[in-house]
1. Starting from the amide H of Glu194, placed 1.01 Å from N in the peptide plane, find each other amide H under 5 Å away whose residue is 5 or more places distant or on another chain.
2. What is the diffusion coefficient of the range 206-284 in µm²/s, taking the Kirkwood radius over Cα pairs and the Stokes-Einstein relation at 10 °C with a viscosity of 1.306 mPa s?
3. What are the extents of the Cα atoms of the range 175-218 along their three principal axes, listed from largest to smallest and rounded to whole Å?
Amino acid sequence: MPSSKSRRRSIVAIILGAVLLVVLDAGAQPPSRVYRIRTLDASSLDAARLEWWDSRARRGAGAAQAGRDRHRRLLSGHRGRPASDHDDSHRHDDGADPVSLGLVTSLARPGGNITGMTKITSELGGKRFQLLRELMPKLSRLAVLWHVNRASALAIPDYEGVARAERVTLQLLGVRRLDEVATAFSSMDRDRAEALIVIVSAQFFPRRKELADLAIQHRLPTMHAQAEYVEAGGLMSYAPSYREFFRRAAIYVDKILNGARPGDLPIEQPSKLEMVINLKTARALGLTIPQSILVRADRVIE
């Protein structure tokens, strides 16, 4: 007779920075089982981050319930403690390109026990740059701020390629510790940067308001890859919809709990992209957002 451990199915969602992965420790499950889905988040567990996770858990739970009412599921945020032996499943959210990181064989057929959604596409860096260029037609010096880690480094080549093609001077500023951020902004001043792209990371997320305040202080319009940075005072974001990410994640979890093999489920790329603009920040920077940009915005923060 199989042990309780071999019969238990564990789902893990891991946050790396740009991909939501669903990891399965396979095993049979009785249909009446209550499943606990945990999150493992590389970011610091500040109040804002916990609130962010709770809101996603509620959305995901609703989507999962709509998918299969015959199963009950519980989505719970990981609060910095290891899962106990009684935990049935875990959820892992937001990471980098899973192929480049060696986690899966391909997006179409990941193989093994990992699947999910990735928000990395090769065109997003160029589109973010073009939005900044549309806002600032004479843009010639662009700073990119990133936290030095393998996941964030994957975004750098896109911006380097765009800068070369558009003949824009690119200033790459990698920080290893958060106390280096203020120094990085001073470097932007010295090199006369005219705008800033912030590469999102779990380390930057809790400090997003500080980043926004520093950008305003240094008179730098910012572009982001996550709307929460704009809600905290950044200027613009162009990014996949996290609401859609978590809705799709819940559907994937439901499929796995009903017998699908993760390795047979393709890793999805973004199907919905959203532009968010903070007009309050624009006014603080003395910028007028062209109507051609405003009419395309999915959300405008007044």
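We did not get these values from a lab; they are worked out from the coordinates using the rules stated. Since the structure is predicted, the reported quantities are computational estimates derived from the model, not experimental observations.
1. Here Arg141, Leu142, Ala143 satisfy the definition.
2. Diffusion coefficient, whole number: 110 µm²/s.
3. 28, 18, 16
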